[in-house]
Structures are given as structure tokens and as C-alpha cells.
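Presented below is the structure to which this report refers.
The values are calculated or read from the model by the stated rules, or taken from the named source; none is laboratory data. Please read these numbers as outputs of a predicted model, since none were measured by experiment. When we count neighbours, we look across all protein chains shown, and the Cβ atoms used for this are built from the backbone with ideal geometry, even at glycine. Heavy atoms of the whole protein, side chains included, go into the accessibility calculation; ligands, DNA and RNA do not. Shrake-Rupley method; radii C 1.70, N 1.55, O 1.52, S 1.80 Å.
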Amino acid sequence: KFIIFCHFGVYTFSGYHPLFSVEIMDQTARPLQIPPTFALYAEKHNLFDLYHDLISQLLIHKPADPVQFLIESLEKDNARVSTVMVLGPPASGKHTIGKMLAGRLRCPHLTMQNMIPEVDRKLRQKAEFYLAEKQPIPTELWTSIVKNRLSIQDCNRKGWVMSGFPQTRDQAVALQTAGVIPDHVIFLEAKPTVLAERAIGKRWDPETGDIYHLVFDQPTDDDVLERLVECPGNSESEINERIREFEGRIIELAPCYSNVGLKVNADQPVADVFHHALEFVSSPRRSSAPRNPRVILIGPPGSGRDTQAALLAAKYGLVNLNCGQLIKQAISGETKAGGAMKNYVDRGMPVPDAILLKLLKERLCQLDCVTRGWVLHGYPRTRGQAEQLADAGFQPNRVFFMELGNAQVLERLTNRMTDPVTGRRYQSLYDPPTDAQVKERLVQHPRDTEAEVNRRLSRYSTFREELRDFYASKSLSLDVNCDQDVETVFETLESHIVSPLPKNFD
């Protein structure tokens, strides 16, 4: 059996430059290995989102020359622009909030009124024909108008905020089919009675198409104030009918943007509504890129690293890497690295860092670690080992220091016994055996004697602070109180595993 593994490439302006070559290998010969720097590079430069966007544009536009189309797409510096829609019932303040957001984001504010005069002449004439005949503009024409307006340089370079459009599900689907997909959609909500009261004070500027309110949003320019006129269709009966129509449409429209939408209560001061809206649009775009946890557990003996690593691996599918177990597997498997380590282990000497690092590199480069993530414990034990691991390209994105006092460590370990028949481990204080025969045959592991535990604690304490300083400088570390039950400690670890991962690594 053969596996063809194609690493991603990056298009540059001068042509195609592969990050890694195509690799064909026999899976039965050795495990598939991936350079550790690839995952870090992909995360740092958002390669997943980049390829996702490029492929989406290819499927939408279906260009005759896909390669040239991709190059031109990459040359457009529009990856960080904001694209926002503000939707809501009549008099909910969608135009006001949209205008405020556009001012803060320094991008164009688009409405159904101001888009038509700014598009190509043919599209403008078609739209004006329907308006003159007092007929609704067809969805296909609206889609062309929006696409044409968004293609203008100001929207390409600065992004855009669109208020009051789309109004129906058909319009939303047509925009999505045409590739107009916003990063954020704000749904303003308010009771019909509140909306009807607001509608009475709405005024319209016939020159600019801007909407104002005589109470909540008066224009600062006296000339603008003088030319304001009442908005048509704002009588009590008309506004209630429009609200009912909107409520019927929004049921089908809202699901089109459920993954990027936020409902905001519009029945509060404009400043508060704007604050919630701005906070939402300032958040990064949701990404479906895989974010595999790369976790290191550091702590004294008896702090529960093995237990917590097993729980994390079981729930989140991480690869559980115990450095001690890796050494034993290498020795029992009679590998080359195992043969090099056996002499040190037999004499009770620490395995040299260079051999340990080589062993970890071989394991961490394998496909399961790269695709699923990993939780490592038992390594690193010194700052030197941590630096070597980072230099090799294996940068963790979570480092937990399992804190437990020396007295608690001694209490846990010196009272720990093992059943030589079943191999089960007991704790005489917290988990004693119920069977008298089992209790009689329990034995203590040599590593759990008080003298040996104190020696291990002393060794851990020697390097603890330098490890803490190393990872604290990278904003990766977190202290976890392990003098609690297993479930509580796991919940603490889990809460930080599922939270957004750090974006900037040294």
C-alpha cells in the first residue's frame, strides 16, 4: 500500500513555490512523518483559511484560468477588511448603527438607496426603471447591483457595512451564491410598540438618502435639518403592517446567517446598541481551521499528570505521550534508540538529552500527533530540554503546571500500594482495598518510599522555576491547583483546552 502525501504550497507573485515536495512512501516501512514546522507555519499564516477562501472563490466564479485567478486573488490585500450586515425591522435603528459602525471601521456604509447611484450606468438605469414604475427590483438585479458596488476599490480595500439588505431569504441565497458572504451579521430586535413610536420621528434626507430621527439622531448640519422630509409609509397602520411583513421574512432569512449572526436588543440607548455591535464585529472571523492542542503537563510526582493526560486523551482524541513509557517501548522494541538508552536505564542514570529529543522527534512527527494533537508529560524536566524541544519546532500551545505541596505529595505517594496479583494500585487513606486478602498482599513500589519521594521532589524543585520562567515568557503557562479531586482538576484543564489558543508564539 502506498500513501501519496501532498504538502500545501504557496503561490507567490513570481510563480508557484512548494513548501514541501510530494512524498510517496511505503506505509509498512515506517510511519508517515510530517515536519513539525508545517503545523506552526500553517497556524501562524492562517493557511487553512487562505486555502478555504481561495477554493470557495474558485467554485463561485469558475474562472477560465484558475491559476491566474488565484494569483490575482492573492495580490489583493483585503484579508483583514470587515464585511458587516445590519438587519432589523423598520425603525430599529439599523441605518444609524450601520453608519456608526462604518465610521468607526472607516469603510463605506451601503444602503439600498445609496448603492444604486454608484453602480454602472446600465445597472443604474435598470433599477431606476423599476423604481419609476413603482415595482420591486428583481433579486437578480439586486445581486448584480451589490456585486458591482462591492467591486469598487473602496469596498475592496476598506471593507463595507451594509444596512437593510438583504430583506428576503431569496436575496440572501442569491448573494451567497454570488460570493457575497459577510463576516458578521447583526440582527436588531425590539417590540412592535417601541418600533411604532420610533417611526413617527424618522426623517429622510432626499439628497443623500440618509435616515435621521428628530429625537434620537438629529443631524448636526442645519442645512441637512431643513431639507429633511417625512419618511413615506410611517403612519401607524403602515408601520405595523411593515413590521408584520418583516417578522414573516426574518424567520426564513435569519438561518442564512446563523453561523455569523448576533441578536442585539435595539430597545436601549443608541450608545449601548453600538457598543454591543462594535464588540461583535471587532471579534475575529470564525474559523473552521483545525486547532490541535499541543499540551505539556509539568508537575511534581503524585500531582496526577498521568491521570489527567489519560482523561484529556480519551475525551479529545489527543495522543498521550509519557516520556517514560516511550523509553520503555523503545527498549522493549529493540530499536536503535532503545539500544542507546538501555545502558543508561540499567545503571539508573538519566538518558542524555540528545537521545531523548531524537526519540520525541520521531514520535511527534508521526501523522496521529500532527492531525490529532498531543499531551506530553515527563518531559521537559529542565529549561535546556524545553529550549531544545522548541528549537526542534515542537511548540506547545498549552503548558500546565500541576501545583501540589510537598506534604500532599508525600501523603499521596508513601501511602500508595500495589496488588502484585492484579496490578491494581490502591491508596491506603483514600482508596483502600475492601478485601482483607488483597490488603495483606499489597506491596510498596521502591519509588514510593519517603526517601525516594523526597529525592524526586528535590530534583523537580531544582528546575521548576526555570521551566516556569521559560514558558511564562511565551504566555503559555497556567498554574493548576491539584490538591482537589480528579474531576475538578480535569474541569480546570478542560476549560483552558477548549478556549481559543494563543495566536502569537515567540
- The farthest towards the positive end of the charge dipole of the chain, of the residues L467, A436, N114, given +1 on Cβ of Lys and Arg and -1 on Cβ of Asp and Glu, is A436
- MRE, 222 nm, helices only [DSSP H, n ≥ 4, -39500 (n - 2.57), over the chain, to nearest 500]: -14500 deg cm²/dmol
- Item | Entries of K122/K158; K62/K474; K342/K439; K315/K358 with Cα pairs more than 32 Å apart | K62/K474; K342/K439
- Compute the long axis of helix 305-316 from its Cα atoms, compare it with the longest principal axis of the Cα atoms of the chain, and write down the angle in degrees, 0 to 90, nearest 10. 40 degrees
- Task: Please name which of P166, P269, T143 has its Cα lying farthest along the dipole of region 83-282 towards the positive end, using unit charges on Cβ (Lys, Arg +1; Asp, Glu -1) and the Cα centre as origin.
- Result: T143
- Query: Straight-line reach from K99: which aspartates and glutamates have Cα under 13 Å away, leaving out those fewer than 8 places along the same chain?
  - Reply: D210, D217
- Query: If you place +1 on the Cβ of every Lys and Arg, -1 on the Cβ of every Asp and Glu, and leave all else neutral, what size is the dipole of region 83-282 about its Cα centre, to the nearest 20 Debye?
  - Reply: 700 debye
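With charges set only on the Cβ (+1 for Lys and Arg, -1 for Asp and Glu), what does the dipole of region 287-381 come to about its Cα centre, in debye to the nearest 20?
Dipole size: approximately 160 debye.
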- Once the in-chain neighbours fewer than 8 apart are removed, the aspartates and glutamates whose Cα is under 13 Å from K328 read D346
- Task: Taking the Cα centre of region 44-173 as origin, sum charge times position over the Cβ atoms of Lys and Arg (+1) and Asp and Glu (-1), and report the length of that vector in debye to the nearest 20.
- Result: 440 debye
- Query: Which Cα, out of F246, L311, C256, lies furthest along the positive dipole direction of region 226-350 (beta carbon charges, K/R +1, D/E -1)?
  - Reply: L311
- Message: Taking all protein chains in place and a 1.4 Å probe, what share, in percent, of the accessible surface of the chain do carbon and sulfur account for?
- Response: 52 percent
- Task: Whole number in Å², please: accessible area per residue of the chain, 1.4 Å probe, ligands, DNA and RNA not counted.
- Result: 56 Å²
- Which length gain, in nm to one decimal place, applies between D154 and E465 when the Cα-Cα distance is subtracted from 0.36 nm times their residue separation? 106.7 nm
- FRET efficiency for R291 and D391, using Cβ-Cβ distance with R0 set to 22 Å, rounded to 0.05: 0.45
